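Inspection log for the structure reproduced underneath, given as structure tokens.
FYI, it's all coordinate maths here, none of it is from the lab. Note that the coordinates shown come from a computational prediction; the quantities given were computed from them, not determined experimentally. Counting neighbours? That spans all protein chains shown, and the Cβs are built from the backbone with ideal geometry, glycine included.
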């Protein structure tokens, strides 16, 4: 009887930990959606002044489309990283245009985007925390035995894309 109660309790704990991961990823996606909603406004504000930077605009639109069409968390992470790379290039380009920096619309959008990037960072960190909790839970004895029987597998952490620590180089 005790083993049945323990098994039932363990299973429910694993389900809860797994649902926490799904819920936290939804929080990350909420912030991504905020970013995706801001990007077209920023791009449209800047587009007229920077007609020669059409490739960056195209890359942003393409990565955004891939994100919305992604079927799983791993594909969404890759597409989100592509958005970040394109967005970083756009921000570097914008810093080289003094008339853009003085535009009130661009400044407001940039402040909103900066706040969104901070929110994304916080939510990603929280996502990794719940993944760490879950992965630790399914690896500890005796839960590891039950986790395997119930089909609970290790989850992937959100990790930055290789090379994302490098500042993008934009040449004119």
Worksheet item: What is the extension gain from residue 136 to residue 66, computed as 0.36 nm multiplied by their sequence separation minus the C-alpha to C-alpha distance, in nm to one decimal?
Response: 22.0 nm
Response to the item:
So, with points 7 Å from each Cα along the Cβ direction, the residue 122-residue 9 label distance in nm works out to 3.5
Worksheet item: How high is the FRET efficiency between residue 154 and residue 1 when r is their beta carbon distance and R₀ equals 41 Å, given to the nearest 0.05?
Response: 0.85
